[in-house]
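First up is the structure itself, then whatever we jot down about it.
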Amino acid sequence: MIVVDEYLAVRVLGGDWPDDLPDEEIGLPATRHWRLLQRVHAPGMGQLSRLLAALSGPDLAVVRWPHPEVLQGIDQRPLLDEAAAIAARYGGGLLIAETLAAGLNHGSQLWFGNPANVGRLMNAAAEDMGIAVHVTAV
């Protein structure tokens, strides 16, 4: 399974499969799906809100309830203890820690559709844990 961020998930759900993304099952950590749903229900002024505002009603429904053959929601319950240990070691909140724990448990790679989602902490922790970080071409 390939673990993706919310920006890449929206692209894949909209049928825009990046050329450099491997043809494997796609998984989205629960906190990243939560971020999407927050902006669906309470749009802001940020990039994620603008991305979602460009979607039609049916495309928004796909974001809210992704088909499991296209995008798997990664169950965070088995990851929480490991995520807490990662946060204790490297700092950061649940979003970063859960993403890293999902990466460790699903192929040791993370894929991002927005370079801004890969901060200094994410890069340093991923490198230390042997998780490959990829940013796909926009």
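The values are calculated or read from the model by the stated rules, or taken from the named source; none is laboratory data. Since the structure is predicted, the reported quantities are computational estimates derived from the model, not experimental observations. For neighbour counting, all protein chains shown are included, and Cβ atoms are generated from backbone atoms with ideal geometry for every residue, glycine included. Areas reflect the complete protein model, heavy atoms only, side chains present, ligands, DNA and RNA absent. Shrake-Rupley method; radii C 1.70, N 1.55, O 1.52, S 1.80 Å.
For the stretch 109-122, a tally of residues being surrounded by fewer than 15 Cβ atoms within 10 Å (Cβ to Cβ) and either outside any helix (DSSP H, G or I) or of a type in the set (Phe, Trp, Tyr) (or both) returns 1.
Across the stretch 118-133, the number of residues qualifying as β-branched (Val, Ile, Thr) and in contact with a helix residue (DSSP H, G or I) (Cβ under 6 Å, 6 or more places away or on another chain) comes to 2.
So that you can scan it fast, the table gives a plain yes or no per residue for (1) modelled with pLDDT under 95; (2) under 16 Å from the mean Cα position of the chain (by Cα); (3) assigned to a loop (DSSP other than H, G, I, E, B); (4) at positive phi:
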position: GLU82; (1), (2), (3), (4): no, no, no, no
position: ALA88; (1), (2), (3), (4): no, no, no, no
position: ALA97; (1), (2), (3), (4): no, yes, no, no
position: LEU100; (1), (2), (3), (4): no, yes, no, no
position: LEU104; (1), (2), (3), (4): no, yes, no, no
position: GLY107; (1), (2), (3), (4): yes, yes, yes, yes
position: ALA124; (1), (2), (3), (4): no, no, no, no
position: HIS134; (1), (2), (3), (4): no, yes, no, no
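For every residue, the table says whether it meets (1) in contact with a Leu (Cβ under 6 Å, 6 or more places away or on another chain); (2) of a type in the set (A, V, I, L, M).
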position: TYR7; (1), (2): no, no
position: PRO18; (1), (2): no, no
position: LEU21; (1), (2): no, yes
position: ARG39; (1), (2): yes, no
position: LEU48; (1), (2): no, yes
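Is there a residue being in contact (Cβ under 8 Å) with a residue 12 or more places away in the chain, open to solvent by 40 Å² or more (accessible area, probe 1.4 Å) and in contact with a Pro (Cβ under 9 Å, 6 or more places away or on another chain) anywhere in the stretch 55-75? Yes, the stretch 55-75 has at least one match.
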